[in-house]
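For reference, the structure discussed in these notes is given below.
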Amino acid sequence: MANYRYFWDLQNSQAYTNHTVKQFDANTTTGGGMFKWVDVIDNTAIINIPGIRIKPTSNIKGYWERVIDGPWLVDWFGCNNSASQLTLTGYGFTTLQINTMFNSINKDVDGNTATGLNTVVGTDTYDTAAMKVAFNLMQLGYTTSIQFLSKDYYITSTCNLPLNYYSAALRPSNPYVITGNGAQITVHSSQNTAVFILWDRPLTGVVQANNQLNAKFIIDGLNFKGYSALTNFYQTGIRLGATTNSKITNVSFADLIRGVVFSYSYDIELSNIVCNNVPTGLTSSIGFWTGATALNSRNKDVLINKFRYSFNNSGGTGIEVTSGVENSLAIKDSFIDITSTTSTQGIFIDSAEPTRSITIDTLTINCTGPTLATSKAISIATNNSNIQINNIVNNSASILISSIVQYAGASNITVRNISRVNASSTFEYTESGGGYLQWLFENSRGFNPTDLSEWEGASVPANAAWTADGPAGLSTTRLRASYPFYSRG
């Protein structure tokens, strides 16, 4: 056994036994480990994998392979973890050298010809290259789990998350598990004003999206930081499409134009998410691929839990839901705080395609804009929805709940257990498009919903006696209140 300084030195070794390696190459601080010698009759069909496997140049009877006795680490593929690191071109690498080092993986784990989604380029840092190689190996079936260490990683271009190694026709996907251990993914200074998505899952069309829907991602314990200058924001943190039972947990986003964008995801959970200085925190949207529509790519059954959002700049939307969520949308145990010189929306939900159940439970929300009318804590365009809003605390003057009935469907909204509301806050109700919404207030201490001054402008829902089962059909009665409540002031 011998000790080698760099991973790439192994290819020149003629001692065909186990060896230790200190680091990936001269410009990195990671990539070391134990490499065992594997005897084979002919290594011609064996491919080199940076940081994992390498063949000798003078022998075809074997190769060296990393001894793996724990989780796969991004650092194995050569990280620098320094804000001052150069790009690969800056270190003098040619395109040919970069391709040899990082882009030579042309087979999947079964030996079939295949390549990953990511191509390493000269403007990438070592940290970016390592992430791209790691995600490629996940896509090619070598591992389904990868971990970061509690360090800073500096990114210069989009790193594409893996597509399913197994197609939908074969079997459900094993989950792709990406564990951050508190790592921070920071936009490198060379690309700080470049517009790109830090982690993306690019899908090209409806057929591919349907085939990828069985993918599951568990992303945990990461921090994403972009670059912002005054009111200019450039990067998006994560864009995830076509998954089932995915979870993004314990992740923070700062100085980005968007935190998470997710599309065509069934039973997705976003929990313990923090967004600071991000104009739009979480976005639920239809697919971003060719042919995507609300009918074939909207999200289904979404849970947002323990979301914390803080923004003090121009604009600001904590949670944005476009085109509705199929079945259910639940937002729980969250805090949203926005101070802006322009309009604000804490939570915006557009149910162009009906969301049958919308639940907002235990929320502290403060939206401060230039005027009361431009400060909307919760804004919902209803469409055949049952809406439950419970236990809301509102400390700033705003329209606490704004409802726009712009679609033809009929909806109910129940507001319960509202005990602390800013004295100037109001409600808003607007009908258009032939639909209607019926309000029920229960135990709403702090305001009297039957007092017309509690409603913004002329947007006062008709208040009249209800029968035991509520108004029938398209009754013009829109408001019912259950005691106790009391008038403010």
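No lab work stands behind these numbers, since they all come straight from the coordinates. Not measured: the values here are computed from a predicted model. Virtual Cβ from ideal backbone geometry, glycine too; neighbours counted across all protein chains shown.
Roughly how many nanometres apart are two label points built 7 Å out from the Cα toward the Cβ at ALA83 and ALA458?
5.6
Between GLN97 and THR364, what length in nm is gained on full extension when 0.36 nm per residue of separation is reduced by their alpha carbon distance? Walk me through the numbers on the way to the answer.
Numbers: separation 267, 0.36 × 267 = 96.12 nm, distance 5.38 nm.
Residue separation times 0.36 nm, minus the Cα-Cα distance, leaves 90.7 nm.
Could you check the simple spin-label distance between ASN211 and VAL393, using points 7 Å along Cα→Cβ, in nm with one decimal?
If labels sit at ASN211 and VAL393, their model points lie 5.1 nm apart.
Please order LEU10, LEU295, LEU303 by the number of other Cβ within 10 Å, starting at the fewest. Intermediate values should be presented prior to the final figure.
Values: LEU10 22, LEU295 10, LEU303 16.
Arranged by neighbour count, lowest to highest, LEU10, LEU295, LEU303 become LEU295, LEU303, LEU10.
Hey, what's the Cα Rg ratio for the range 46-178 versus the globular rule of thumb, 2.2 N^0.38 Å? Don't skip to the end; give the middle numbers.
Numbers: Rg = 15.1 Å, N = 133, 2.2 N^0.38 = 14.1 Å.
Cα Rg divided by the expected 2.2 N^0.38 Å: 1.07.
Could you state the orientation-averaged shadow area of the convex hull built on the Cα atoms of the range 1-69, in nm² to one decimal? Intermediate values should be presented prior to the final figure.
Details: hull surface 17.2 nm².
In nm², the orientation-averaged hull projection of the range 1-69 is 4.3.
Measuring from label point to label point, each 7 Å out along Cα→Cβ, what is the ASN443 to ASN412 span in nm?
1.8
Could you please state, rounded to a whole Å, how far the C-alpha centre of the range 287-361 is from the C-alpha centre of the range 7-57?
For the range 287-361 versus the range 7-57, the Cα centre distance is 48 Å.
Net charge near GLN191: determine it from the other residues with C-beta under 14 Å of the C-beta of GLN191, scoring Lys and Arg +1 and Asp and Glu -1.
Numbers: positive: LYS225; negative: ASP124, ASP127, ASP255.
With Lys, Arg at +1 and Asp, Glu at -1, the neighbours total -2.
Place +1 on the Cβ of every Lys and Arg and -1 on the Cβ of every Asp and Glu in the chain, take the dipole about the Cα centre, and give the residue among THR477, ILE60, TYR154 whose Cα lies farthest towards its positive end.
The one lying farthest along the dipole's positive direction is ILE60.
Please work out the Cα convex hull volume for the chain and give it in Å³ per residue. Kindly include the intermediate steps, with their values, before the conclusion.
Values: hull volume 72.0 nm³, N = 489.
That works out to 147 Å³ per residue.
Return the long-range amide H neighbours of GLN406 (sequence gap of 5 or more, or a different chain), with a cut-off of under 5 Å between placed amide H atoms.
Amide H neighbours of GLN406: THR382, SER432.
Counting just the Cα atoms, what span does the range 249-294 cover along each of its three principal axes? Round to the nearest Å and put the largest first.
Projected onto its principal axes, the Cα set of the range 249-294 covers 33, 22, 11 Å.
Relative to the longest principal axis of the chain, what angle (0 to 90°, nearest 10) does the C-alpha long axis of helix 126-139 take?
80
List the aspartates and glutamates whose alpha-carbon lies under 14 Å from that of LYS225, not counting same-chain residues fewer than 8 positions away?
Answer for LYS225, where 14 Å is the Cα cut-off: ASP152, ASP255, listed by chain and number.
Sort CYS275, CYS367 so that the residue with the fewest other Cβ atoms within 10 Å of its own Cβ comes first and the one with the most comes last.
The order, fewest Cβ neighbours first, is CYS275, CYS367.
Which percentage, to the nearest 5, of the DSSP beta bridges contained in the chain is antiparallel?
Numbers: 16 of 150 bridges.
Approximately 10 percent, going by the DSSP bridge assignments.
Around LYS107, which amide H atoms from residues at least 5 apart in sequence, or from another chain, sit under 5 Å from its own amide H, with H modelled in the peptide plane?
Distant-sequence amide H within range of LYS107: ALA114.
With only Lys, Arg, Asp and Glu charged, each at its Cβ (+1 for the first two, -1 for the last two), find how big the charge dipole of the chain is about the Cα centre; round to the nearest 20 debye. Before the final figure, lay out the partial values.
On the way: 30 positive and 32 negative charges, 85 e Å.
About 400 debye.
In the range 50-86, whose amide N lies under 13 Å from the spot 7 Å out along Cα-to-Cβ of VAL109? List them in ranges.
Inside the label zone: 72.
Hey, if you put +1 on the Cβ of every Lys and Arg and -1 on every Asp and Glu Cβ in the chain, which of ASN80, ILE380, ILE413 ends up farthest toward the positive end of that dipole?
Result: ASN80.
Find which of SER265, SER396, THR128 sits farthest along the positive direction of the dipole of the chain, computed with +1 on the beta-carbon of Lys and Arg, -1 on that of Asp and Glu, about the Cα centre.
THR128
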